[in-house]
Structures are given as C-alpha cells and as structure tokens.
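Structure record follows, encoded as structure tokens.
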Amino acid sequence: MSSDRAVRALEAVLPPGTPVTITMREGRDVCVSVAGQRLLLRWLPVGWPRQVSDALQARPRPDVVAAPQLSPGARTLASRERVGWIDESGAAEVSAGTLLVSRSGHPTVPLDTKIGWRPATLAVCEVLLTGCPATVSSVALHTGLAMSTAAAALAFLQRQGLLGSEAARGRYSQRHTVDADELLDAYAAAAARLRNPVSVRTGVLRRDPVRGVTDAGQAWHSGGLSWAVTSALSAAVLAPVLTEVTPMEVYISGRTPGDLRRAAAFAGLSEIEGGRLVLRPFPTPASDVVTAEITPGLRSVLWPRAYADLRVTGVRGEDAAEHLREEMSRERR
C-alpha cells in the first residue's frame, strides 16, 4: 500500500521509538498523529516538481509530501510552499507545531526499481514517446535493436501497465501507450537510475556553445565517430530558455574515459576539471540510431532523453526540463 511507504518514510526520520498513530487512510493519503501533531501525508510515486505541484493543488492540501526520491527542485518547491517533505533516502524537512525534523539523508536506489528497466528498454521508450508504433517490428526498425530485445522491452512495459492492448491475440492485440505522461515519468526516473557515471569534462571552444559543439561535430563525423548533444544543448534549440543550464553534455562513441579523451583530442577539446562541456558514452545500445539533426550540423538525442538528462542537472535544469516537456507536448497535440 502506497500510504504504508509514506508512514515508514516518516518513522525512519523520527527519533527511535517515537509513536506514530494512523487515524485515516484514503488512497495515497494517510493521516497520522505524532508528537501531539496531526499530519496529512500524501505519497507521490514520482518526486519531481510537477508531481509536488499537482499534490499541493489537490484538496485537502497535505501537510507533508513523501516520495521514493525527491529532486532538488521538488524539495525547493515544497519548502517554498511551506509543506513538509520526506523521501526514502532518509532526507526530510518537516516543521509542524512542536515537531521539527531536518535530515540530509543518504541517496539510494528507490524501492520501486524494477528489474526489467534496462538501457534497451529506455531506447524503446524514447521512440514510443516520439511516435513510433508499439509493435516489435516498428520498434526494432526505429532503434536498431534485435527483434527479441524489442519484444522483451514491450512486454515489460505492458506488464508495468504503461502499454495496453484491446485483446491478447488477433487484429486488436496491437499495443498502445496507455498514458504518455506516465510513460515519460517512468522512463525519466529509470533513466536517472541507470545513468552511466563515465564522463570527461572539457572546455568549450566558442562563446556560443552550440556553434562550438557543431564545429567539434564536424571533426567527429570526419573521424567516423557518432555523437549527439543532450540536455541543455538540445533544449537550446528545441525549447530555448533565457537562463543558461550547465553542464552541457554530448554523447559520443566509446565506453571508457580513454575513449572519451581520444574523442576530445580529435576535436581539439582540452580536458579541464570542472569544464562546462561533458562527454559521455551513449546511454543505450541504440546509440546514434535514436538521434536526429535538429539544426544544420547539430545532432541531438530524441527529446525524451534530453528531458531526462536535464532533470538531473539541478533546480534550473528541472525548470528547463519542464519547459521542454511543455513545448514538445504542445507539438504532439
């Protein structure tokens, strides 16, 4: 029961032995009495600003929101709205009467991590969210994945309730996306969990980062290296914002830091600690198959991947991600 997780998250941040009495349950809400205070906890399956905002608009307004992991932007929003927050990392900020809790927590893999989320599954989600039919043949064509891999990913997404079909077999058995927003949320959360830590930071060649990366891309292309921008560099073209979001990231052929350093050198980029331009290996086995040219000479990942990558770059990145989501969702309508 989701409300049980909210209660356990609260108990975990209280002093040992503090009694928590449940007085009411309804869906994701649970009322508790603790330290003489009555609190309404609301469980959020996804702890991002959008979900916190929706939770605070629903009535009755919760006193505390709880989630597997709350992003920096979600925590900031809750604090600004004077609502307590807790997540399963053990982090919390709750102030109600005589009850005051403040903990930094220890980031961990959320309890709702599903075994079926694999890098290949992420690639499948990216093409589904950009209009690919949910059939094995179409997904295999659009991702370059083996038919068996595409079939396994689609079956997993259907088991999770993210894809549906009208019938088990026959002409009405073709899968379809049940809710694009739910699929995007689940995908982005999994993308953050599966994020490859391998990276190399470099300096930016030009004052205009997009132009500088486009020039570097010409060198990579001539050397037979696949590449694609993501996060802020993608958003700068797809859904520009006035504030600059860093770091700027590029996916490129290679698996190791040595591969990335060779790619940097090939384009005349110097490795710099704290550099604004980050090179990373492609995040899925689909690599450059799930990319597109978004402006002459500039290749980008598909927008769901840019959105997911923006989310993990801090509060400004989360704001830019929501802007990108709104712009791309408007285009789909």
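Only the coordinates and a few stated rules stand behind these numbers; no lab work does. For clarity, every value in this text was computed on a predicted model and none was experimentally measured. In this analysis, Cβ positions are derived from the backbone assuming ideal geometry, glycine residues included, and neighbour counts consider all displayed protein chains.
The GluC sites (Glu not before Pro) found in the range 229-333 that occupy coil by DSSP, while having at most 11 further C-beta atoms within 10 Å, are E273. Computed over the chain, relative contact order equals 14 percent, with contacts defined as Cα pairs under 8 Å that lie 6+ residues apart. Across the range 119-193, the mean sequence separation of Cα contacts (distance under 8 Å, 6 or more residues apart), normalised by length, yields a relative contact order of 31 percent.
Debye-formula intensities of the range 216-284, expressed as log10 I(q)/I(0) at q = 0.15 Å⁻¹, are -0.49 (one equal scatterer per alpha-carbon, no solvent). Considering helices alone, the calculated mean residue ellipticity of the chain at 222 nm is -12000 deg cm²/dmol, with DSSP H runs of length four and up weighted by -39500 (n - 2.57) and normalised per residue.
Taking only the alpha carbons of the chain, we obtain Rg and Dmax values of 21.8, 69 Å in that order.
Bridges between two residues of the chain, per DSSP, are antiparallel at a rate of about 70%. In the elastic network of the chain, a GNM with C-alpha springs shorter than 10 Å, the most mobile of L310, L260, L141 is L141. In whole percents, the pair-distance distribution calculated for the range 219-333 from its alpha-carbon pairs, binned every 10 Å from zero, is 14, 45, 33, 7, 0.
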